[in-house]
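Read through the structure below, which is laid out as structure tokens, and then see the notes.
The values are calculated or read from the model by the stated rules, or taken from the named source; none is laboratory data. Source: prediction; values computed, not measured. Cβ atoms come from the backbone with ideal geometry, glycine included; neighbour counts cover every protein chain shown.
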Amino acid sequence: MRIGKRGIWLCILVVSLAMLVGCGKDKETKTQTLGYQAHTLGTIEELDRVLGVTQYDKEIYVFGEADNAGQSKTIRQYTSADGETWKTKDISMTFSADGVNENVCCVQLDEQGQMLIGYETMDETGAVISCNLWREENGESVSLDVAELVSMECNNGKTYIYDGKEIVVYGTDLLYTLNVSNLLDFCVNDKEMAVLDDNGIRILDADNGEKVRADMTFSKLYGEDIRNTQERSGADVLSCRKVMEYADDTTLCIALENGLYMYDTSSQQITCLTDNTDNAYKTKSDILYGYVVRGEHVAPEVIAICSVDDEKRVVAYSDKKEDGRTEVPQQTEITVYSLYYAECIEMMIDVFQNNNKDITVHYTWGIEDESGISVADAVSALNTQLLAGQGPDVIVMDGLNIRDYVASGVLLELSGVKTMIQEDEPDCLQNVLEAYQTEEGVYALPSKVQFTTLVGPASEIEGIKDVDDLIAYIQSQPTPNYGNDLNLYEWEAFFDVLYPLYASEIIDAEGNYNANKLKEFLNALKKLYDVEMERTTQEEITNWINENGSYVQGKDINSLCMTPLYNREYSGQRIAFSNMDNVVQAWKFYSIRHDVLVGNNGEESANQDYIYHIWANEEGNVYIPTLIFSINANSKETDAVKQYVRYMFSTDIQKQYYGDSVHVRQGNCVNLDAVSMRNEEMLQMGTPGGVEEVGGNKYVLFAYFTTDEDMNEYLAALKSLTVPIHMDAKVEEIIKEQMPDYMDGKCTMEDTYQAIHNLLGVYLSE
């Protein structure tokens, strides 16, 4: 283990920790701001899972899992007086309960400084058999009457267990239980227990759980921050996470998404410790595990254990200026724009700012969900800004007509940026970087890709080259036992899978319109949809929507398409037609191919013959460029925005999976080195992604490539992508708006075509 000091401005970087960031404006006079700064004290490099953070006898304690094998485990204890210099001690424990697997959930210290370890015993399916408490003082375990172990507190001879629904309190025996709902966190001192949820803070008698008082002041002021923090509470399900701690008998320290607060429950005085005017920004990719409060509660020091860029960092929050520095360097401010809001873009911005602390990035978007703003209106507003020499510095071009923006002269030529990316990251897909190369230069650089696949037994799907082939294959097969052949149930799902394959042929990159390709798409979509609906009952459609949600509500159907393939003999579904829109879909495919049942080693697989067949046209394998970056030619911060765009192709950015939004699917990495690096990190964690159940069988869903062969096959697939599909959101909106009546059989194909044809004519003439 190495604990080392970092430079002064690294401490400013860490203030972007999602849980401990700027508080914004004072919301009422009850709130005062101290303007704390963050100072990085060091890193704990050997710490993987964080099982507990506490203090005892003026020492800071951090607990992690050192060994996880057999019927015993080793818990590593890290102790420090100052957060900079740490000592380690390993504590071994042996389980008394019988089970297939034991999982340590949380670690605390009692009043004598003895370790208490909460762990779950599970059967071969992964179901929890029992929850147990191991005591260091005697090396014995006792069974707990709780459903699971979420968090634990110890004080005054009592142990408080939260199991997801109740707080269960033990002394020598069970003392009482407390029902809670939407719990964010709880903490205890010698006399009181504080419970925090979106309804406020409740102060209870720690001895019996009786309510002392309810306090709504804090939740009224910061209710939104509480709810946002609740949504992020499962960012690392394998580690602990403490949001609230007692600083003294009546003062709580509370770490929320947008600030670190001290709250006096008697006077209702709120003190905001961090101030975003000084410390600027937050990051959703970072995780707070826990912290301790030291010194006087009026202006205490908070020492936190957190994850930043996959490092376990020790961060001190105080009003002290590190190394005597009192000035913050001049910040360069840039703005990033996308047509739709995308959480993945926001999180990438966070990572960038963590590593480029002299640049502040603001994120804006054109369309808010359910705002009623059309694509045309949003694009028009953006165009007005750009043509006036204003607008955002960096434009995410997904859904925008790149050709028109190049022609209007509002984009910066990026050949130099592309060359620097190629030099910095030689493992980036060169053909993708050149997707928008013209004789005039490069004006857009895609950082991710998606591709459409047909999944199934190799011998059955390799001959399927177009929709007619797919329909013929479907009609040659028995009707599935449940649902339909593709596990698609709403016309919008069929549209979103099929349309990208025709988009660049309907209107190509040069703006040429092919009316016959529009007719071909309309015909193919309706035929495929009708064939599948003929093989699906209304009851099956209703059941699927009730279970999974309506597709139009933004449900990600790609993984769901493949799920029945785990147990194809049960489901009767043999193939899937889906967009491989991120690496998670690839992990899903290889999990299905290996067909590992929970509880066995997976030596046998019923799906070894499965492949994913990349959809192609006459020119080659087609793909959708995503997260496409362009730069405003009138940006006043050219150096900073070039730095930003280059960084979007770095392994730091590309190796992470940031999640997807309804309208913006992240895509697969173009930096292939990042794929390998991400997989190595996940293999070291050794943690599956979850469990899928089909037909009564439970299957392991891996969150990584389990073999080099699988990863290399995936990398080869990315390298094989040669034909970019150019998506124009306005064209897609025009076509999609005419679909409902056509798909319901209320309008003929010819009438639908004519309506779309006329609208496209108007758009193309603008």
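Across the stretch 398-412, what is the number of residues that are touching a residue at least 40 places away in the same chain (Cβ under 8 Å) and either farther than 18 Å from ASP377 by Cβ or of a type in the set (Lys, Arg) (or both)?
So the answer is 6.
What pairs come up if the first residue lies in the stretch 415-429 and is on the phi < 0 side of the Ramachandran plot, the second is of a type in the set (Phe, Trp, Tyr) and not in a helix (DSSP H, G or I), and their beta carbons are under 7 Å apart, counting only those six or more places apart or on different chains?
Sorted first by the residue in the stretch 415-429, then by its partner, the pairs are ILE421/PHE649; GLU425/PHE649; CYS428/PHE649.
A quick yes/no check of all residues on (1) farther than 27 Å from PHE521 by Cα; (2) out of contact with any strand residue (DSSP E or B) (no Cβ under 9 Å at 6 or more places or on another chain):
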residue	(1), (2)
MET420	yes, yes
LEU429	yes, no
THR438	yes, yes
VAL455	no, no
ASP468	no, yes
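Could you list, in sequence order, the residues of the stretch 151-183 that are under 21 Å from LEU256 (Cβ atoms) and at pLDDT 90 or above?
Across the stretch 151-183, the qualifying residues are SER151, GLU153, TYR162, ILE167.
Going by what's in this entry, would ILE226 be described as more than 30 Å from THR271 (Cα to Cα), at pLDDT below 90 and either surrounded by fewer than 16 Cβ atoms within 10 Å (Cβ to Cβ) or of a type in the set (Val, Ile, Thr) (or both)?
Against the criterion (more than 30 Å from THR271 (Cα to Cα), at pLDDT below 90 and either surrounded by fewer than 16 Cβ atoms within 10 Å (Cβ to Cβ) or of a type in the set (Val, Ile, Thr) (or both)), ILE226 does not qualify.
Please list, ordered by first then second residue, the pairs with beta carbon atoms under 6 Å, 6 or more apart or interchain, first in the stretch 179-197 and assigned by TED's automatic domain parsing to the domain that holds GLU166 and more than 15 Å from MET152 (Cα to Cα), second surrounded by fewer than 18 Cβ atoms within 10 Å (Cβ to Cβ) and modelled with pLDDT under 90.
Pairs found: ASN182/ASP198; ASP190/ASN156; ASP197/ASN182.
Regarding VAL417, is this residue modelled with pLDDT of 95 or more, surrounded by fewer than 23 Cβ atoms within 10 Å (Cβ to Cβ) and not small (Gly, Ala, Ser)?
Against the criterion (modelled with pLDDT of 95 or more, surrounded by fewer than 23 Cβ atoms within 10 Å (Cβ to Cβ) and not small (Gly, Ala, Ser)), VAL417 qualifies.
Restricted to the stretch 659-676, and to residues that are β-branched (Val, Ile, Thr) and assigned to a loop (DSSP other than H, G, I, E, B), which residue is modelled with the lowest pLDDT?
Filtering first and then ranking leaves VAL662.
For the stretch 471-484, check the following and say yes or no: at least one residue is without any contact (Cβ under 8 Å) to a residue 12 or more places away in the chain, at negative phi and either in contact with a helix residue (DSSP H, G or I) (Cβ under 9 Å, 6 or more places away or on another chain) or not basic (Lys, Arg) (or both).
Yes: the stretch 471-484 contains one or more residues that are without any contact (Cβ under 8 Å) to a residue 12 or more places away in the chain, at negative phi and either in contact with a helix residue (DSSP H, G or I) (Cβ under 9 Å, 6 or more places away or on another chain) or not basic (Lys, Arg) (or both).
Condition test on VAL410, is it surrounded by 14 or more Cβ atoms within 10 Å (Cβ to Cβ), among the β-branched types (Val, Ile, Thr) and either in the same structural domain as ASP673 (by TED's automatic domain parsing) or over 24 Å from LEU498 (Cα atoms) (or both)?
Against the criterion (surrounded by 14 or more Cβ atoms within 10 Å (Cβ to Cβ), among the β-branched types (Val, Ile, Thr) and either in the same structural domain as ASP673 (by TED's automatic domain parsing) or over 24 Å from LEU498 (Cα atoms) (or both)), VAL410 qualifies.
So which residues in the stretch 337-375 are touching a Lys or Arg at 6+ places or on another chain (Cβ under 6 Å) and more than 24 Å from ASN228 (Cα to Cα), if there are any at all?
Correct list: VAL375 only.
Can you name every residue in the stretch 475-513 that is part of a loop (DSSP other than H, G, I, E, B) and under 14 Å from THR453 (Cα atoms)?
Of everything in the stretch 475-513, just one residue is part of a loop (DSSP other than H, G, I, E, B) and under 14 Å from THR453 (Cα atoms), namely LEU486.
From the residues in the stretch 183-219 that are polar (S, T, N, Q) and either assigned to a strand (DSSP E or B) or out of contact with any helix residue (DSSP H, G or I) (no Cβ under 7 Å at 6 or more places or on another chain) (or both), which one is surrounded by the most Cβ atoms within 10 Å (Cβ to Cβ)?
ASN189
For the stretch 399-415, enumerate the residues that are in contact with a helix residue (DSSP H, G or I) (Cβ under 8 Å, 6 or more places away or on another chain) and under 15 Å from LEU445 (Cα atoms).
GLY399, LEU400, ASN401, TYR405, LEU411, LEU412, LEU414, listed by residue number.
So which residues in the stretch 255-274 are over 13 Å from LEU221 (Cα atoms) and part of a loop (DSSP other than H, G, I, E, B), if there are any at all?
GLU257, THR265, SER266, SER267
Would it be correct to say that ILE421 is assigned by TED's automatic domain parsing to the domain that holds ILE349, in a loop (DSSP other than H, G, I, E, B) and not small (Gly, Ala, Ser)?
So ILE421 fails the test.
Residue-wise test of (1) touching a residue at least 40 places away in the same chain (Cβ under 8 Å); (2) under 20 Å from ASP205 (Cα atoms); (3) crowded, with 16+ Cβ neighbours inside 10 Å.
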position: ALA127; (1), (2), (3): no, no, no
position: SER130; (1), (2), (3): no, no, yes
position: TRP134; (1), (2), (3): yes, no, yes
position: SER141; (1), (2), (3): yes, no, yes
position: VAL150; (1), (2), (3): yes, no, yes
position: LYS158; (1), (2), (3): yes, yes, yes
position: ILE161; (1), (2), (3): yes, yes, yes
position: GLY171; (1), (2), (3): no, yes, no
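Does the stretch 152-174 hold any residues that are touching a Gly at 6+ places or on another chain (Cβ under 9 Å) and either among the charged types (D, E, K, R) or not in a loop (DSSP other than H, G, I, E, B) (or both), and which are they?
Of everything in the stretch 152-174, those that are touching a Gly at 6+ places or on another chain (Cβ under 9 Å) and either among the charged types (D, E, K, R) or not in a loop (DSSP other than H, G, I, E, B) (or both) turn out to be MET152, LYS158, THR159, ILE161, ILE167, VAL169.
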